[in-house]
Each structure stands twice: as C-alpha cells, then as structure tokens.
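The values are calculated or read from the model by the stated rules, or taken from the named source; none is laboratory data. All values reported here derive from a predicted model rather than from experimental measurement. All Cβ positions, glycine included, derive from the backbone under ideal geometry; neighbour counts span all protein chains shown.
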Amino acid sequence: MGVNTNPGYLSGLFVKGHPESFNKLLLRQGQLVRLIHARKCPCIKSGYADLYCEICGGKGYKTFFQEECTMLEEYSPHGTEGDNSKIYPFYNPISKVRKVQTRNIDVQGGVTNYEVESFDDSSITLVDDESLPERHERLYVSYNFKNANAVTNENSTHDGTFTIKTTGTKWTTDHIPDVLEAHGDILSVTRVYNKTTSYSYTVESFKKNYIKLKSGAGIVAPQSTDVLEVDYEYIPLLYAALVGVETTNSIEKWGEDVKIGDIRIVLPGYYTIGKGSIITAMTTLLQAQEIIIRGTADYDELPSFDVLEVIGNITDSEGNVYDSNHFEIEEFNNLVWTTTTRPAQGKKYTVNYYYRPSYMVYRPQSKTVNLGKDARYPITTFGRFFNRVSTKDLDLI
C-alpha cells in the first residue's frame, strides 16, 4: 500500500475512547440480567424433539453459558510493586494471555511485543530479558478471563429434602429487593459433603441455584440442622441496557417490521451473543394467569421461560385446591408436583404466577460491534419478547 513519508504524519494527536467507560455506564445505569445461550438438541427429528431425550429432557433445546470472556488491549497496571515484570489486569481469574505490547513512535522503538513467562489468576509475569517496560509506559494487554465465580465449603440451604439451594449465587446490593431472589446460575458442582454425618452425596442435576442430590435406598437427605460443605462454580449476572424500540416508521429505520415487545439490547463488549441468545431481566416481574392441562409426567411446563413463584393456590376443573405443599417451581418453568395429591391426567387447572420477562435475539445479522480504534465497545442487537423457546427460533450457534 501507499506510505506517507511525512515525518510528522504519525506524531499528531490521536484521540482514543476507552471502552471501560462505556462498560461503567452500563454498570451504573443498566439493568441486572442473565445471559444464556440456547441451541437445538440433536434429538430433533422432523421438527419434533424426542420426549425421552436425556440431553434436553424432551424440550428440543439445550441451554449453555459463556464460560470465558476476552478483553482486548486493556491498559493494565504494571510495575506497581517495584517489579516491572508484573502486570495486574483488571479482570480475573485470568485463563489465557493473548498479547502484551507497547506502542511507541519509530524513533522510540516502535511496537514491542513482550514474552510471557507465566500467569496466575490475578497477574501476568513477563520474561525478564533486561528490556522490560517502564512503569510510565502504556501497556496494551489482551487476555481471556473466566466468566465464572468459585464457591467452596458453602453450607447451602437445605430443608430435609434432596434438593438444596445455594446462597453464594445470590446477587445482593443495597438497591435490589431481597424478595426478587436474583441469583447467578450454577455451572458445575464438584462436591456436596455432609460434615455432620461424614457423607458425600452424588449430584443428580443442577439448574439455576438449585442442586438436586441423588436419592435411593439407604441414602438419607441432609437434615436442616446438618452442616454441608458444597463446592461449585456459577455464572454471575451482568448489567445491560434494555432499550425500547420506536415502532413508528420501523420499516424505514430497521429494514423490517419491528413488533411490539421488541427491544434493543446493549451488552459489554467482552460478551458474545447470537441467534438464540436469551436475555432475562432479573429485577422485573410480570404476572400471568394460565390454564394448564395436566400431563403424564411429575411436572407441567408453564408457558413462560423464567417463573419466579406461584401466586396463591392452584384450582383444577373439579374445584380441588392445591397449596404450596403440593408443588414447587424447578429449573426455569417446571411446575413440579411433589406429592401424590395432584390433578388427574388430562384435567385442566388454573395457575397464577410471577415471571421475569425474557428476550431472544432473532436478528444476529443486525448485531452492531463497535471496534473503533481496534477497541471493543459494547455490543448492540435486537431481542424479541417471548414466553417459551421454540426450536423453530433456534439455529446452531
């Protein structure tokens, strides 16, 4: 390509925005949300899911989380403790170091790439080849960090059943009402140990902030007075902007009709998002009333993606009333019947409940990724309000 030989061409003033300033704005003014991805289950045949599939449980899709994020060219602090080989990135735990470099004009050495000797959760150590960056020099550090928090030896909430509830996943601030129960989602469970009885439980499944222990002959559920030690990792919640779309002249503005309930979603730039990604507003509650037909399983799926709780009692078509001792909400929207007292198969019943509104990304091609000056600014895309995932909405991500 052509080269400008003007000596002052590259020495002028360059103005560069700072992506972290935008991320801080989302933190201050955004809304607490869960980001979850979904993909079709391979059990689907002729458009229908296998009801007995052990992968998806007959839903036809499988949800998953982003376990790792990428930070590009952060101005990471270094040499703060007198050792110029040490770098302390802002996000941790660090899982991979991509590049460390300084950029100066040619007469001052130009671009210098530094070799990484090692790294741990919170710091990076450069190879000391007697040409380490000075503390006043600006470092451009690109790295990956784990999007999961670890909790060890937690005495999780338990009430004499084989289902326990984690407490470290709960998001608590001075402005989030405690009753909203805003929790991160469990990613993995490595140990459930009953310290009182010296018994290690086998984990059968987990979802949201619930862990279901394997039951069976001779296995006693942890009593409410027992002390547990639970080790797990969970995906924390994040702050994003959910912005209403102006539907007037939508064809001219957006290239297609924008329906009522569509929103714009703005996420920090180090997250990924695509078709089938689901954003749930964790501190917004809506109320719904539905008539459900009792199925054959021990649970019925409510037609909302993330149900918080049932309001009052449930009444079936024969006038029978069921209170909270007969059912509970598990996973995202499963109304589980916990006793043999339940509506008969095929009977209708009415249920009132609170749920959190969710939005699915439906136009990944409209995603806006701002990489001005090679930095990673917040991502903007479209989301459409929905109640329950349909396999027709999903593509492999």
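One residue stands out in the stretch 95-127 among those that are of a type outside the set (S, T, N, Q) and assigned to a loop (DSSP other than H, G, I, E, B): the one that is farthest from N84 (Cα to Cα), namely I105.
Every residue, every condition in (1) surrounded by fewer than 18 Cβ atoms within 10 Å (Cβ to Cβ); (2) in contact with a Phe, Trp or Tyr (Cβ under 8 Å, 6 or more places away or on another chain); (3) part of a loop (DSSP other than H, G, I, E, B), yes or no:
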site: E54; (1), (2), (3): yes, no, yes
site: K59; (1), (2), (3): no, no, yes
site: N92; (1), (2), (3): yes, yes, yes
site: D129; (1), (2), (3): yes, no, yes
site: P133; (1), (2), (3): no, yes, yes
site: E137; (1), (2), (3): yes, no, yes
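Out of N149, N144, one residue alone is at pLDDT 90 or above, out of contact with any helix residue (DSSP H, G or I) (no Cβ under 8 Å at 6 or more places or on another chain) and under 19 Å from E229 (Cα atoms). It is N149. Scanning the stretch 118-137 for residues that are over 30 Å from T166 (Cα atoms) and within 32 Å of the chain's Cα centre (by Cα) returns S118, F119, I124, T125.
May I ask you to verify whether R294 is within 18 Å of the chain's Cα centre (by Cα) and modelled with pLDDT of 90 or more? No: the conditions fail for R294. I'd like the full set of residues that are over 17 Å from K195 (Cβ atoms) and out of contact with any Phe, Trp or Tyr (no Cβ under 6 Å at 6 or more places or on another chain), limited to the stretch 215-235. Once the filter is applied, which keeps residues that are over 17 Å from K195 (Cβ atoms) and out of contact with any Phe, Trp or Tyr (no Cβ under 6 Å at 6 or more places or on another chain), the stretch 215-235 yields G216, A217, G218, E233, Y234.
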